[in-house]
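Asks: After the structure tokens below, expect a handful of questions from me.
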4 protein chains.
Amino acid sequence: MISSARPLRADAARNRELLLAAAEEEFAARGIDASIADIADRAGVAKATVFSHFASKEELIAAIVGNHFAELTVVARRLLTSADPEAALSDFLTEAAHGIKQQDLTFLRADDDSRVTELRNDLHEAVSALVDRARAAGVVRAEITGTDVFLLICAPVHIAGCHPDADPDLWRRYQAIIFDGLRPTRAELLPQPPPSWP
Amino acid sequence: MISSARPLRADAARNRELLLAAAEEEFAARGIDASIADIADRAGVAKATVFSHFASKEELIAAIVGNHFAELTVVARRLLTSADPEAALSDFLTEAAHGIKQQDLTFLRADDDSRVTELRNDLHEAVSALVDRARAAGVVRAEITGTDVFLLICAPVHIAGCHPDADPDLWRRYQAIIFDGLRPTRAELLPQPPPSWP
Amino acid sequence: MISSARPLRADAARNRELLLAAAEEEFAARGIDASIADIADRAGVAKATVFSHFASKEELIAAIVGNHFAELTVVARRLLTSADPEAALSDFLTEAAHGIKQQDLTFLRADDDSRVTELRNDLHEAVSALVDRARAAGVVRAEITGTDVFLLICAPVHIAGCHPDADPDLWRRYQAIIFDGLRPTRAELLPQPPPSWP
Amino acid sequence: MISSARPLRADAARNRELLLAAAEEEFAARGIDASIADIADRAGVAKATVFSHFASKEELIAAIVGNHFAELTVVARRLLTSADPEAALSDFLTEAAHGIKQQDLTFLRADDDSRVTELRNDLHEAVSALVDRARAAGVVRAEITGTDVFLLICAPVHIAGCHPDADPDLWRRYQAIIFDGLRPTRAELLPQPPPSWP
DNA sequence: TATGAATGAGCCTTCATTCAT
DNA sequence: AATGAATGAAGGCTCATTCAT
């Protein structure tokens with residue numbers, strides 16, 4: 001999202017943005033096997049230009065995933081200052097779902113890219129703060145951790161994506177169900193201890 | 001699982017079974033990009049033999065997915081005859097999760113294979129019966145449909161798979177959360193109407 | 001030269017031979033950067049066929065170099081049984097020169113391929129025997145070792161190759177000069193100790 | 001080395017020199033496939049700057065080779081005025097060897113660059129003068145020509161380079177052997193007539 | 001002149017699939 | 001039915017070179 005090191009020339013910056021957008025669409029449409037050639041085509045640049053911005057396909061993916069994490073972190077931090085802890089958590093999940101183009105950001109899983117790992121941990125931390133506040137306010141079960149919610153971020157979109165012909169807003173239904181499952185209504189303990197975070 | 005059309009020779013039937021098993025493992029380990037060569041190696045046959053059993057990679061995948069659907073249908077039908085409607089639904093989700101090798105059976109989504117579609121619809125029907133019974137017994141919300149539960153089958157495993165280093169049983173935690181979200185505790189309506197099924 | 005492990009099908013063996021020949025010519029003509037595509041074209045097979053015979057370009061080169069070493073070893077061992085030690089050594093260098101297509105077998109240098117290393121050491125040993133016999137017969141200086149002659153094998157062809165428009169037999173001239181340099185005429189010591197061999 | 005046509009600005013001249021040095025090192029280290037990018041990096045300039053000095057990679061190589069020829073010509077002419085004809089020829093070969101960074105200046109062979117051809121012919125002429133004097137003094141065989149020695153210049157370094165782990169001075173050994181081969185000890189005629197020079 | 005960026009051509013390699021035995 | 005071999009179609013990546021600033 002925000003380039004930090006070098007202040008790219010205007011045209012290069014534009015191409016970089018075009019490429020990231022094209023890549024995201026292509027990955028969403030074709031999965032992680034989308035070809036660099038198709039991404040370049042969609043962005044309207046030559047194949048080699050992709051590699052002048054991102055040294056490898058892996059690095060391109062890392063940039064996209066990193067951006068997602070960074071954006072979501074911003075959202076989470078902003079909502080942390082809002083008045084209503086319940087609405088804050090709910091709104092976070094809602095805003096997050098909007099950013100998840102179709103099913104394929106499954107690759108939110110670990111890549112051995114240190115920058116991505118760092119950004120992911122930042123997000124994890126911001127989400128945890130949101131969850132802590134919600135728990136303190138009694139709107140989620142005592143046992144629910146930030147890690148739980150972090151893992152659940154993609155679930156509604158993923159679930160809706162299993163439908164062969166889903167309404168674009170179907171994920172809202174499953175988000176509501178999951179959110180209800182997080183509420184402190186039930187007394188029984190959850191079957192597994194909360195997962196730790198590396 | 002059950003061959004119907006042609007009476008394969010004994011050794012050919014055995015090879016077919018070996019291939020299906022090898023393919024499933026390989027797909028689970030390497031994702032949908034697992035190569036036919038690796039699958040053949042693991043099954044101990046020549047690459048070309050794969051194509052004498054399955055006309056294409058797509059068909060091989062269809063066979064695996066179809067088998068999964070068929071197995072789950074058997075499970076759902078069996079549980080339909082059990083005494084406790086709540087336990088039946090819960091047990092179904094649990095047994096289903098066991099069959100889902102890691103995250104990659106996301107390809108439960110539509111393939112334009114008529115046999116698979118049929119088997120998927122069979123499963124959908126069996127699950128719906130299970131859900132109808134549970135709903136009638138008041139253990140799930142009135143609005144929850146069989147389609148909802150069908151779409152949720154993979155979710156727990158998928159969610160746990162988002163953790164970089166998850167306990168193999170972590171999915172149980174998220175299954176419990178989702179199951180709680182299905183319960184008729186809350187009065188509010190879910191945000192989206194239940195999805196229809198084609 | 002001699003395949004040992006599996007008794008390749010007839011057509012495959014033919015293609016392998018075609019490929020080795022085509023590769024050798026192409027490497028001779030274009031240097032080590034000759035492309036696999038050109039080699040495949042020259043052999044009249046598809047590009048992918050090259051890789052079904054040799055897992056990588058490196059392996060193809062190793063096969064060629066290995067064959068050269070093996071052939072020369074055979075020559076050296078045969079000449080070891082001839083009557084005249086001087087003629088034997090001289091003939092070896094002559095026969096060797098015939099096998100060196102143009103300048104580029106400079107890659108007789110080490111590749112980290114264990115089989116090639118082994119074959120190279122075999123040749124080194126055979127040449128050393130030839131040199132030992134020649135030295136004992138007083139036809140080469142006392143200080144000349146097998147390693148010296150091994151290193152000199154390619155020199156005549158290389159030297160002639162420096163001429164922009166050389167007669168195809170020009171290397172014979174430089175081989176004679178070098179051979180004369182090896183003779184025990186002069187009393188002075190050579191400036192460097194004989195190189196060791198790993 | 002000596003620019004003749006255009007009076008380069010001081011910094012441009014410096015960059016040109018930096019580039020030539022960097023290119024020579026890079027070619028020596030990585031062979032003729034050294035990339036322009038690496039050369040530019042080593043020289044501390046941008047890639048495009050290389051092309052503002054040399055229109056193509058070929059031209060860059062031609063400049064390097066041309067410089068080598070020019071330098072060696074200077075050496076040969078200087079030694080032509082020394083007292084001892086034998087030492088002069090020997091010293092020439094020795095000084096030449098120093099300038100040949102590893103094996104890869106094999107590209108002393110013909111390039112269709114007229115300036116390089118001219119410089120090469122200058123060197124050929126200077127070497128021939130040296131050889132004529134040596135022959136007249138009876139220190140080389142009657143049949144040895146300047147062309148012979150010209151072709152032999154690179155041989156010692158090349159031969160030593162065939163050793164997988166050579167002492168940096170090993171070429172001296174083979175230079176001595178070759179030089180001995182040039183001496184008028186033997187009466188037999190060399191097998192090929194002396195090559196003509198275009 | 002120097003450079004950051006862009007690019008077309010080409011390279012090695014992989015893979016699903018076909019063919020002949 | 002099973003297989004060893006062959007292959008066309010990509011795919012990721014590199015590089016010399018060009019272009020605009």
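Asks: Along each principal axis of its Cα atoms, how long is the protein assembly as shown end to end? Whole angstroms, biggest number first, please.
Replies: Each principal axis gives a Cα extent; for the protein assembly as shown these are 118, 73, 40 Å.
Asks: Of the candidates A:Pro164, A:Pro156, A:Pro85, which one comes out as most mobile in a Gaussian network treatment of chain A with C-alpha springs shorter than 10 Å?
Replies: Taking springs between Cα atoms under 10 Å, the residue moving most is A:Pro164.
Asks: Mind checking the log10 I(q)/I(0) for segment A:7-54 at q = 0.14, 0.21, 0.23 Å⁻¹? Debye, one equal scatterer per Cα, no solvent, two decimals.
Replies: -0.29, -0.62, -0.73
Asks: Related question: Go ahead and estimate [θ] at 222 nm for chain B from helices alone: -39,500 (n - 2.57) per DSSP H run with n ≥ 4, summed, over the residue count, rounded to 500.
Replies: So the helix-based figure for chain B works out to -20000 deg cm²/dmol.
Asks: Another question about this same structure. Given contacts defined as C-alpha pairs under 8 Å and at least six residues apart, what's the relative contact order of chain C, whole-number percent?
Replies: After rounding, I find 19 percent.
Asks: Just to confirm my numbers, what's the Cα centroid distance between segment B:32-91 and segment C:119-198 in Å?
Replies: 68 Å
Asks: If you take each beta carbon of peptide A:147-158 and count the beta carbons of other chains within 10 angstrom, what is the mean?
Replies: Whole-number average of other-chain Cβ neighbours for A:147-158 is 4.
Asks: Please work out, to two decimal places, the log10 of the ratio I(q)/I(0) at q = 0.14, 0.25 Å⁻¹ from a Debye calculation in which every Cα of segment B:142-198 carries one identical scatterer.
Replies: Relative scattering, expressed as log10 I(q)/I(0), comes to -0.47, -1.03.
Asks: Using only Cα atoms, figure out Rg for segment B:48-157 and give it as a multiple of 2.2 N^0.38 Å.
Replies: 1.15
Asks: Related question: Karplus couplings for segment A:29-37 from phi (6.51 cos²θ - 1.76 cosθ + 1.60, θ = phi - 60°), rounded to Hz, Gly and Pro as x?
Replies: So the Karplus estimates, Gly and Pro as x, are 7, 10, x, 5, 8, 3, 8, 4, 4 Hz.
Asks: Right, here's the next one. Any idea what angle helix B:57-80 forms with the longest principal axis of chain B, computed on alpha-carbon atoms, 0 to 90 degrees, nearest 10?
Replies: 40 degrees
Asks: So if the hydrodynamic radius of chain D is defined as the Kirkwood radius over C-alpha pairs, what does Stokes-Einstein give as its diffusion coefficient at 37 °C and 0.692 mPa s, in µm² per second?
Replies: Translational diffusion coefficient: 180 µm²/s.
We did not get these values from a lab; they are worked out from the coordinates using the rules stated. Everything numeric here is computed off the predicted structure, so don't read it as measured data. In this analysis, Cβ positions are derived from the backbone assuming ideal geometry, glycine residues included, and neighbour counts consider all displayed protein chains.
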